[in-house]
């Protein structure tokens, strides 16, 4: 998942966007951004995993080490967002079906216990998380409706 340091990632992305013709190494990006080199590398690798950067690897003739030259490919961002949106819609669809196909019971004391019918029955409708809590049926039609609406919105965008 595309999840990394917000401010640093924005600074690095702006550098990649604003210097398209310059050979940008991770060291040069760290120098321009003021972000620690290990964080720059981590962000660049995450961007690369998500197809938002490309690199060219060149061996330094003097040291024998590889130098990586980075460029942005943010034109791929719409595809990435579309893929993520579809993945979220799919997970929400699975959750919606689970919610619609099961009866849920919650503790009347308000603790975090939430159980499907078969588990609540095995517990004799007594909450195992608190003393004296009785498990009562939870009406989840609003949750199912909310999930359905959210899925429709995601798929129609």
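Values quoted throughout were computed directly from the atomic coordinates according to the rules given, and no laboratory measurement underlies them. As the structure is a computational prediction, the values presented were derived from the model and not from experiment. Cβ atoms come from the backbone with ideal geometry, glycine included; neighbour counts cover every protein chain shown.
Quick notes on this one:
- Test for residue 11: is it surrounded by 14 or more Cβ atoms within 10 Å (Cβ to Cβ) and more than 30 Å from residue 156 (Cβ to Cβ): yes
- The residues of segment 84-113 that are more than 22 Å from the chain's Cα centre (by Cα) and surrounded by 16 or more Cβ atoms within 10 Å (Cβ to Cβ), listed by number, are 99, 104, 105, 106, 107, 113.
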